[in-house]
1. Name the residues in segment A:124-143 that are open to solvent by less than 10 Å² (accessible area, probe 1.4 Å) and closer than 22 Å to A:P301 by Cα, would you?
2. Can you tell me which residue among A:L372, A:L367 is crowded, with 19+ Cβ neighbours inside 10 Å and among the hydrophobic types (A, V, I, L, M, F, W, C)?
3. Can you name every residue in segment C:102-122 that is among the small types (G, A, S) and at pLDDT 90 or above?
4. Would you say A:I5 is assigned to a helix (DSSP H, G or I), open to solvent by 20 Å² or more (accessible area, probe 1.4 Å) and more than 14 Å from every other protein chain (Cβ to nearest Cβ)?
5. Do the conditions hold for A:P343, that is, is it within 12 Å of another protein chain (Cβ to nearest Cβ), touching a residue at least 12 places away in the same chain (Cβ under 8 Å) and either within 19 Å of A:L440 (Cβ to Cβ) or outside any helix (DSSP H, G or I) (or both)?
6. I'd like to know if segment B:94-108 contains one or more residues that are within 14 Å of chain A (Cβ to nearest Cβ), surrounded by fewer than 24 Cβ atoms within 10 Å (Cβ to Cβ), among the charged types (D, E, K, R) and in contact (Cβ under 8 Å) with a residue 60 or more places away in the chain.
7. Return only the number of the condition from (1) open to solvent by less than 20 Å² (accessible area, probe 1.4 Å); (2) more than 26 Å from A:A57 (Cα to Cα); (3) not in a helix (DSSP H, G or I) that A:E383 does not satisfy.
8. What about C:A95, is it farther than 18 Å from A:C384 by Cβ and more than 9 Å from chain A (Cβ to nearest Cβ)?
Amino acid sequence: MTEQIGFFLLSWLDPSLLALTAAGTLAGIYIGAIPGLSVTMAASILISFTFTWEVNAALALIAGVFTGGVYGGSRSAILLNIPGAPAAIATALDGYPLARRGEAGVAIGLSTVMSVIGGFVGIIALAVAAPVISDFALLFAPRDYLLLAVMGLLLVGTMSGESLAKGLFAGALGVALGMVGLDPMTAEGRFTLGTVQLMAGIPYVAAMIGFFGVSEALVQLHNLRVKPVKQDVSRIVPPWHLVRKYLPLSLRSSLIGVVIGALPGTGGDIAALMAYDQAKRTVKNPSRPFGEGAYEGLIAPESANNAAVGGAYVPMLTLGIPGDAVTAVIIGALFIHGLKPGPMLMIETPHLFWFTVGNLTLANIFLLVFGLTGIRAFAKLVECPPSVLIPLILVLSVVGTYAIQNSVVDVYFMLGFGIFGYLLKMYGFQVGPVVLGMILGPMIDVSWRRAVISVGDDLGFFVEEAFASPLTLVLLAFMSFLLLSQVPFGALWRRLRGQPPG
Amino acid sequence: MMHRRMLLGGLAAAPLLGATTARAQAFPSRDLLGVIQWGAGGATDVTGRAVTPHVEAALGQKIVLQNRTGGTGAIGLTYVHGLPSDGYTLLYGAENPLLYKVLNISRLDYTDFTPICLLARSVPVIVANKDKPWNSLKELVEDMRRNPGRIRMASTGPGGQAHVVSTMLASTGPFRHISIPFDGEGPGLTALQGGHADWMTVGSGAVAEHVRAGRVKALAVFNDAPLPSLPNVPPATADYPELARLMPWGSFYGVWAKKDIPAEAREKLVAAFRTGTANPQFTQLMTGNGNVVMNTSGAEAEAFLARWQSVTAWILQEAGAARTDPATLNIPRPS
Amino acid sequence: MHDQRRRREPGETLFGYLLLLMSLAVMAEGSRLQGFDSVSAPGIAPLAAGVVMAMSSLAIILRTRRVVPTEAGFATRIAPRDVALSVLMIALYMALLEPVGFHIATFAFLSALVLYLRRGGPGFALLVALVSVIVVHVVFRMVFTVVLPQGWLLRGLLPPGWLL
């Protein structure tokens, strides 16, 4: 036990490791905040950079970047409506309206505290229950991933805005956009029009930047002459009573984050979206209606995506299976440093496990410190006149999109999406469902096909197998509950009885 | 390290102002670009990133690595193909392009490229879920023959290691099984451990630790001799000696440049990669992971590629999995 | 029911038909990929998405026909001058990105757009553009080693193999 505490505290007591964790966290916040710069990218650069270092130093730096990066995406989501990272998509839904009201400072402060709470839940889960969680994650069959994705897609219903038909169209369009490229299962081109450029598909980050960032920038051109809203930065650190009030929601969301993060096929982006959906369903009296700047709509995704960091480390450390793209790169780093990531890692090098846990804890403490400082300058950024801010947003969108996979074609798509998204917005559509469809569509596609291929295309056998699995049954029951809860039974009943809707 | 990078970047901006004398300087006079055709964290990426620092030391210049993924590597290859043949752009690739034409993925493949260095190859390992009754490759294959269309294999898509090895196994006598494509070896191994697939073929590097921990059962290595990293796993030829004619077979990782780069650049690159690949740190890393260091270039590498392509394309053609007949592509039948 | 509050924007009907057309294209691709033939074909998800898109765009078109149009025209409601010109400049920027490379295209785009939107002197716009290009170069090219588009028009001017 004392040995484990020693490993846990290793990076706390060694000044150079302490400094590296701090530097990593700070850099991560900015990497996360700049769209197109991803933690995956930063981590793989760090590997060639830390090649000659000791493995602990490399891991400390990466843990900091990972923690900071997942959080940093919320900055640009709140301030510019451009989620800096996919995990911050849900954050933009209520975070940006808050900034439009002049509450950017409060929003960032609150999301910092909630991210740290989520981060700690993730770490505790990792430290206490890693083997249990990873065995649970292995139970998920393709059909269970399918159910998870479908549950996520139900969010279209609550994200649709004025008309369900428009929401459905946007969601289905997103699914279709997500299919562009070589089919991952048969290597056949879909929507590629026979060109090589389209084979790689359209990254959903490009769509996210276009539909969220550029289209909003174009909308803002309508009120170019309106003075930007004055940002209230008098109260950055959220008051204790507010934190306590939202603690239950934050903890619920964090648990969703841990589980979704630990599943090898899903990461912080889906965790945050599902947590947002959960908040929208369970919170009866939000501070404001969701989508118009509800604190709850900010707290749920921010807690969940940072909890997913701890979750993602679970299968990586226990089984050598990456929980997401970043942990895949970390596994590569361990290889290069001569370690053997795999099921024996925790048994043969237990110090690595406790070192990582200690490191993530430290990174979260730094996150709290760095997250709560410098907010004033950030918030003031949006007070910059739109005639300068909007062109800068456009350029940032271009570079960010290009950086994802070094492709100019992606930039064309991103700008095209921006203009198309502008039209959608002008005609009363919500753009959220498009991005949601792009994220979940490919998951639904491959999970469904994998599931039916596993049963030799025999749908009878498919149902039989699904009903034999307790996990599938639980997920199925949960999904039916979500579906039924969306149907307004009261109104239907009144209408059937011929009474006017209440 | 960080400092050096900044410095190099700073220097890179300076000659914009006027130096065109660079043409006269010896190769390489500045940063090179290395395009990796697979994603960060994958085998091609890890192998490339592990060897590059040693090559940079031998070359005296930095190689800026970037991943251009998609289209089973066709995107990265097409990109490098479109850049000037000056020796300053390298393609870090794997075996997949050799099958692009047969599988109708892209019209461009390694034809216009020259192998600078084949770094390492992995040996496929046939593994099963640990609760399955089979204890040898023969038991698995015979069970598939007895129960056609019942046993599930995790694959990595057409032309992938699992697909080709199962086709090769079927050349010993046909069987029918369900093949579920996953996004890569990692996700396939995950499904295998969860019982959502019964068996699969994985590169030795990715699976060795899982075998050692007893999480999966190794039935055979697809080789004509056991591997040093998995000494207790029998070679596939023990059960099916006729497979020997197809071996050695498996994924491999290498570095290519355009065919028409200046001879001086090619010689320098080949020499630098030969030195870099021979670095003990790199060879230990590779063999420790169960890979086989190749470090071949020139005619030897060309011959390896030609044989690999011929064997694989024709086995796919015989199984009806090829979309274009290798005969029309002038790929000779394996001798 | 909320739609009664909304009025029909200029061009909305046409937009609806455009969406329907898109839906049909998606369905066509789905059926080309055997979406009708097998439950596990590559075309099954595109086909399903196309069907949902087609049905919802039909519903959208029908709904649009029933609401009262606004009096204002397309040029005032949807594409006022600031928006139209900015979109035009974006298109030009896109077209220039590959030929002249990222640095020059971005500098030109930023200075032009800031100059136009701000309606002040050119000095400030040029300064903003210059500083932004430098910052982007430092962060993306140097720290993150992202090789930005080079521009083939000017390739002859640079030494071989040059990476900006």
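The values are calculated or read from the model by the stated rules, or taken from the named source; none is laboratory data. Since we're looking at a predicted model, the values are computed, not measured. With ideal geometry, Cβ positions are generated from the backbone for all residues, glycine too; neighbour counts draw on all protein chains shown. These accessible areas exclude ligands, DNA and RNA; they are computed on the full protein's heavy atoms, side chains included. Shrake-Rupley method; radii C 1.70, N 1.55, O 1.52, S 1.80 Å.
1. Here is the first cut: in segment A:124-143, the ones open to solvent by less than 10 Å² (accessible area, probe 1.4 Å) are A:126, A:130, A:134, A:137, A:141.
Within segment A:124-143, A:L126, A:A137 qualify.
2. Numbers: A:L372 fails: crowded, with 19+ Cβ neighbours inside 10 Å.
When all the criteria are applied, what remains is A:L367.
3. Step one: filter segment C:102-122 for residues among the small types (G, A, S), giving C:105, C:108, C:111-112, C:120-121.
C:A105, C:A108, C:S111, C:A112 - these are the residues of segment C:102-122 that are among the small types (G, A, S) and at pLDDT 90 or above.
4. Details: assigned to a helix (DSSP H, G or I): yes; open to solvent by 20 Å² or more (accessible area, probe 1.4 Å): yes; more than 14 Å from every other protein chain (Cβ to nearest Cβ): yes.
Criteria met by A:I5.
5. On the way: within 12 Å of another protein chain (Cβ to nearest Cβ): yes; touching a residue at least 12 places away in the same chain (Cβ under 8 Å): yes; either within 19 Å of A:L440 (Cβ to Cβ) or outside any helix (DSSP H, G or I) (or both): yes.
When the stated conditions are applied, A:P343 passes them.
6. yes
7. Failed condition: (1).
8. Numbers: farther than 18 Å from A:C384 by Cβ: yes; more than 9 Å from chain A (Cβ to nearest Cβ): yes.
Here the answer is yes, as C:A95 does meet what is asked.
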